[in-house]
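**Q** The following block contains the structure, expressed as structure tokens.
The values are calculated or read from the model by the stated rules, or taken from the named source; none is laboratory data. Values in this document were obtained by computation on a predicted structure and should not be read as measured data. Every residue, glycine among them, receives a Cβ derived from its backbone with ideal geometry; neighbour counts consider all protein chains shown. Accessible surface areas use protein heavy atoms only, side chains included; no ligands, DNA or RNA. Shrake-Rupley method; radii C 1.70, N 1.55, O 1.52, S 1.80 Å.
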Amino acid sequence: MKHIGKALIIAGALSLSGIVFLGIGSRMLYAERKNGITQTDKEYEKKQYTTNVSGIETIETDLSSDNISVEPGEGDAIEIVYYDEIDDPKYQISEKSGTLRITHKPSTTFFLFQIPDLSLVWSGEDTQIITIKIPKSYAGDYDLYLGSGTISISDLEIKERLKVDATSGTVKLDNLTCKKDVEVEISSGNLTIDNVEVQRNMTCRSTSGHANVQDITVGEDWTILISSGSIDVTTATVDGTLKADFTSGKIIAKTVSASEVLTEISSGSIDLDELTVEKGISASATSGKVIVSLTDSMNNYKITSEVTSGHCNLPDDFGNGDKYIDVDISSGNVNFSFKE
């Protein structure tokens, strides 16, 4: 009886899988052949949506596998240029309560499963590009979500909050001035930040993605939260606190200055080369690794270190400088070097 029960469970699972794949296959067949016309013969048209910035407080996207380019525009109008099917449009653009929203048409539901519309993905790269042109007079927020495509934001002065969330996509921020807070989150995608000034706070979250950051200025605090991802930083100036919290992630940074640096690591690693701090640095590690190269003398610091079973090249108690170094290690490794 036990074998029969197992066989029934397996058969049920296979049947359910067959239903799911049948649904997906039907959807693919529908996308590939509609009224006898193959996917390559589908007709797309270039569309343009234009609205005045007056009354728009937030630009919001909720998209899956598109390529989004947010770039400067002219005049006082927000312009959205995109491609869509003539017979069966896939995009919806709406304005409600001050929010300009760009979304896909809802997915097809097959029993309890959501089957995404993949026809735009199969139709070619050009039909996946959405260009959002922003005039200088726009003074609202950005709240951008993308599944697995690319979000590129460049050459803008952003006067309010910028929030970008990508699941497994790519986020590129280039040549931006952001007057208020910036928050970027990636799951397993990639983040590139180049020549960006954030006048208030910045937060970067990553699950298992990778980030590459260079030439960045943060007016207040910069918080980096990583689970098992990684981040490379080259040339960063943080007027407030640089806080790095890692589970099993990794950060490699060179030429960084901050008021103070707070690091907390479980089993990840932090390598800070040519670090300049105004107040000091605190490093806490369970089984991680911390390597820090400071740009000034050891005599400028008051050092306290507590090590359980790990390794630390700092003395337990040293000096009476104006700055501080606090180290608390369970079974990790810490190595500090100074400029003589």
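**Q** With a cut-off of at least 2 residues that are closer than 26 Å to Asp215 by Cα, name the strands (runs of 3 or more DSSP E) lying wholly within region 246-326.
**A** 250-265, 269-285, 289-294
**Q** Please count how many residues of region 261-270 are open to solvent by less than 40 Å² (accessible area, probe 1.4 Å) and free of Cβ contacts under 8 Å to residues at least 24 places away in the same chain. Please lay out each step first, then the result.
**A** Taking region 261-270 and keeping what is open to solvent by less than 40 Å² (accessible area, probe 1.4 Å), we get 261, 263, 265, 268-270.
Then keep just the ones that are free of Cβ contacts under 8 Å to residues at least 24 places away in the same chain; that gives 261, 269.
Qualifying residue count, region 261-270: 2.
**Q** Continuing with this model, one more query. What residue, of Tyr142, Tyr138, is open to solvent by less than 10 Å² (accessible area, probe 1.4 Å), modelled with pLDDT of 95 or more and assigned to a strand (DSSP E or B)?
**A** Tyr142
**Q** I would also like to ask the following. Go through region 49-102 and tell me which strands (runs of 3 or more DSSP E), entirely inside it, have 3 or more residues that are without any contact (Cβ under 8 Å) to a residue 60 or more places away in the chain, loosely packed, with under 15 Cβ neighbours inside 10 Å and out of contact with any Phe, Trp or Tyr (no Cβ under 7 Å at 6 or more places or on another chain).
**A** 91-96
**Q** Check Asp296, Asp273, Asp322 and return the single one that is of a type in the set (D, E, K, R), open to solvent by 60 Å² or more (accessible area, probe 1.4 Å) and either out of contact with any Gly (no Cβ under 7 Å at 6 or more places or on another chain) or free of Cβ contacts under 8 Å to residues at least 40 places away in the same chain (or both).
**A** Values: Asp296 fails: open to solvent by 60 Å² or more (accessible area, probe 1.4 Å); Asp273 fails: open to solvent by 60 Å² or more (accessible area, probe 1.4 Å).
Exactly one residue qualifies, and that residue is Asp322.
**Q** For Glu264, are the conditions met, namely being under 33 Å from the mean Cα position of the chain (by Cα), of a type in the set (Asp, Glu) and modelled with pLDDT of 95 or more?
**A** No: the conditions fail for Glu264.
**Q** While we're looking at this one, here's another question. So, in region 227-248, exactly how many residues are open to solvent by 10 Å² or more (accessible area, probe 1.4 Å), touching a strand residue (DSSP E or B) at 6+ places or on another chain (Cβ under 6 Å) and over 24 Å from Lys279 (Cα atoms)?
**A** Within region 227-248, residues that are open to solvent by 10 Å² or more (accessible area, probe 1.4 Å), touching a strand residue (DSSP E or B) at 6+ places or on another chain (Cβ under 6 Å) and over 24 Å from Lys279 (Cα atoms) number 1.
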